[in-house]
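Notes follow once the structure below has been shown.
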């Protein structure tokens, strides 16, 4: 992973996203860095993706998107040109995701 600093995660701005079985979108956190910490604060599995526009192009595709387990915290390197974060739960599920942009691992 060339170009990714190998030091403790240095957090920046955090956004929250209420997630249901209908895809929800939010603007990506602003600031420096291409590392994103995603926390699933709820009790249900969620799937997320990034996009450069709102609408159907920013729809999380269920099992074709990246899963984040209930109660999970993960660090990801995401395309910094993505300006929106989209997430969805399985039918009947709800959760809250927190997304923090920063640098380092």
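With the simple model of a label 7 Å out from the Cα in the direction of the Cβ, residue 96 to residue 64 spans 3.1 nm.
Here the simple spin-label model places points 7 Å from the Cα toward Cβ, and for residue 10 and residue 45 these points are separated by 3.7 nm.
Summarised as an ellipsoid, the range 10-103 has semi-axes of 19, 15, 10 Å, derived from the eigenvalues of the Cα gyration tensor scaled by 5 and square-rooted, with the largest first. The label-point distance for residue 76 and residue 27, in a model that sets each label 7 Å from Cα toward Cβ, rounds to 2.1 nm. The stretch between residue 20 and residue 105 holds 27.7 nm of extra length on full extension. This uses 0.36 nm per residue minus the Cα-Cα distance.
Computed from the coordinates by the stated procedures, all read-outs in this text should not be read as laboratory data. Note that the structure is predicted; figures quoted are calculated from it, not measured. Every residue, glycine as well, gets a Cβ built from its backbone with ideal geometry; the counts of neighbours run over all protein chains shown.
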